[in-house]
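Contents: one structure, followed by commentary.
The values are calculated or read from the model by the stated rules, or taken from the named source; none is laboratory data. Everything quoted here is computed from the prediction, not taken from an experiment. Positions of Cβ are backbone-derived with ideal geometry, glycine not excepted, and every protein chain shown enters the neighbour counts. Only protein heavy atoms, including side chains, enter the accessible area calculation; ligands, DNA and RNA are left aside. Shrake-Rupley method; radii C 1.70, N 1.55, O 1.52, S 1.80 Å.
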Amino acid sequence: CTTEPVARGPVPCEPVPCRFVPSTRPTKDQLGSSPVEVCAKHKAAHAGTKTCVFCDGLCEDDAHISARFVDKINEMGVSPVLENRRERFGWPRTSLVLQYFRHPDNVNTITQRLYDCRHAGGGTELLVNVDSDSPADVAGWLAAKNRTRGFVVPVFNHNVHEIRGYNRLAAMARGDFVVFLQDDDMPPVSCTWLERFAIAFDGLPSLAVIGTKKGAQHFDTVRWSAPRVHFTMPPTDASLAANLTIHLQFVTWVDFSPYAVRREVFERLGGLDEGYSAPGPSGIFSDVEFCLRAWHGGYRVALMANVTREQRGPAWTTETPEGRESRRNSENANSALLVQKYFQNRFYAYLYEEIERANNELLVPAAPGEWIHSQGPLYGQFMFFGEEPPPP
């Protein structure tokens with residue numbers, strides 16, 4: 001801090017008690033339409049305190065000078081925001097992010113299939129969280145990076161686990177969309193799944209999350225339902241040009257993976273909740289919680305059909321004793337977190353109504369006839385009149 005008078009050009013300013021404190025800078029939403037209004041608001045907010053004004057000691061005359069400067073720059077058509085980065089610099093439209101832990105036999109197949117789809121959906125990149133300190137894993141991913149000429153971007157961590165790994169990779173992503181992948185799932189050979197993601201996101205601006213593995217229409221603490229998809233998107237220019245029918249349906253939640261999100265929404269909502277897993281243990285329900293947070297934030301979540309995947313290699317949380325124990329512990333702890341956060345109010349009653357309305361009004365039935373909520377043991381699944389329920 002300094003008590004020395006501050007001079008700006010020919011107009012002397014009044015002494016200020018200290019230099020500008022960055023933490024006191026107003027947010028963008030608090031700013032006025034001109035520097036003059038900004039300073040006036042900030043001075044009023046901090047009147048009688050030792051906090052310096054937004055203008056860092058500038059007197060009002062300087063604010064007018066700044067306003068004239070900004071107006072002149074705007075007249076010249078110069079923007080401080082770097083726009084159209086993807087088109088100008090060749091950034092990919094979709095960022096694929098992969099959580100990897102000791103599945104070396106899958107590395108070549110995963111990277112080759114994704115590399116073959118590098119031009120799909122507006123272009124892709126592959127970011128990998130190598131959550132292993134194994135020399136073989138490190139060497140394998142460095143070889144994949146070199147083999148694909150930089151398409152593969154490995155990030156070497158150890159014992160970070162998927163929630164933290166996904167958050168780190170999403171922060172590095174350049175695409176408009178981020179697709180979360182896992183190392184025991186082989187991506188489809190065809191690249192149309194990436195085209196479908198891009199078409200769905202472009203055609204439904206409110207859509208924040210797309211899952212392809214499993215989803216729930218009705219969510220409770222007793223039984224989860226995994227509905228079949230009974231709707232399609234209305235045709236768009238992009239879907240007609242690609243000759244693709246996009247089968248999807250709004251649902252309460254979807255899970256990993258593939259699990260696609262809008263990068264902007266992922267950042268705005270704060271990413272995955274890292275409180276759902278300590279480094280190492282399973283992060284069960286972190287995908288579910290993000291879907292619920294997206295609905296709560298005014299966005300939508302959908303389950304997409306016709307995206308097949310092939311599991312190769314054991315899943316640690318379901319096929320090893322220590323993994324199953326870790327999963328049970330996470331399920332018990334994180335179920336309590338979900339109940340505490342989302343089940344203590346009327347959120348779900350409103351959510352189910354919104355999902356039903358959105359499916360009816362925004363999507364097209366995939367088969368003729370009306371559709372209803374099924375009753376009894378299958379309550380919560382969407383079915384058409386006359387359709388036989390699936391076997392229990």
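Provide, as a two-decimal number, the C-alpha radius of gyration of the stretch 165-208 over 2.2 N^0.38 Å, N being how many residues it has.
Rounded to two decimals, the normalised Rg is 1.31.
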Response to the item:
Here, ALA241 and ASP71, labelled 7 Å along Cα→Cβ, have an inter-label distance in nm of 4.3
Worksheet item: Just the accessible area for HIS296, please: 1.4 Å probe, Å², rounded to the nearest 10?
Response: 120
Worksheet item: With every protein chain present, what accessible area does LYS213 have (1.4 Å probe, heavy atoms only), rounded to the nearest 10 Å²?
Response: 90
Discussion item. Need one number: nm distance between label points at ARG149 and SER134, each 7 Å from Cα along Cα→Cβ, rounded to one decimal.
Written reply: 3.0
Item to complete: Give me the net charge of ARG263's neighbourhood, meaning all other residues with Cβ under 15 Å from the Cβ of ARG263; Lys, Arg count +1, Asp, Glu -1.
Response: +2
Practice prompt. Could you look at the stretch 76-177 and say what percent of its accessible area is carbon and sulfur, using a 1.4 Å probe and all protein chains?
Written response: 52
